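Q: Okay, here's the structure, questions in a sec.
No lab work stands behind these numbers, since they all come straight from the coordinates. Keep in mind it's a predicted model, so treat the numbers as computed, not measured. Virtual Cβ from ideal backbone geometry, glycine too; neighbours counted across all protein chains shown.
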Amino acid sequence: MSEAFDITQNRNPNAFTDTLEAAKKGDVIVYHRGEFASGIHKTPALRAAGRKAVSLVQRRSGKRSFEYLAQVIRGGN
């Protein structure tokens, strides 16, 4: 069963990488909420997508608000 990790409130700049290492294929990491993709976890998420470790998607959560998600393709475990 897939797990969801919400790191949106975690200010540790290594939180995305650490969470990805602990995640399994199929898990989802919620790394930002807002109108636009931004925040301290954006760059690590883009790097992981470049390595094909995650697929980045967004989900509407309000009229002008989205959740930015990284779906794990290759987990750390």
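Q: Looking at the chain from every direction and averaging, what is the projected area of its Cα convex hull in nm²?
A: 4.6 nm²
Q: Another question, if that's okay. How big is the antiparallel share of DSSP beta bridges in the chain, given as a percent to the nearest 5?
A: Percent antiparallel among DSSP bridges in the chain is about 80.
Q: Can you tell me which of Lys63, Lys52, Lys42 moves the most in a GNM of the chain? Springs connect C-alpha atoms under 10 Å apart.
A: Among Lys63, Lys52, Lys42, the largest mean-square fluctuation in the Gaussian network model of the chain belongs to Lys63.
Q: OK, next. Mean residue ellipticity at 222 nm from the helices of the chain, using -39,500 (n - 2.57) per DSSP H segment of n ≥ 4 over the full residue count, to the nearest 500 deg cm²/dmol?
A: The helix contribution divided over the chain gives -6000 deg cm²/dmol.
Q: Once the Cβ-Cβ distance between Ser61 and Met1 is put in as r, and R0 is 22 Å, what FRET efficiency do you end up with, to the nearest 0.05?
A: The calculated FRET efficiency here is 0.45.
Q: Identify all lysines with a Cα-Cα distance to Lys25 below 29 Å; exclude those on the same chain that are fewer than 8 residues away in sequence.
A: Qualifying lysines at Cα under 29 Å: Lys42, Lys52.
Q: Run through the range 7-38 and list the chymotrypsin sites (Phe, Trp or Tyr not before Pro) located in a DSSP loop whose Cβ has at most 12 other Cβ atoms within 10 Å.
A: Passing sites in the range 7-38 are Phe36.
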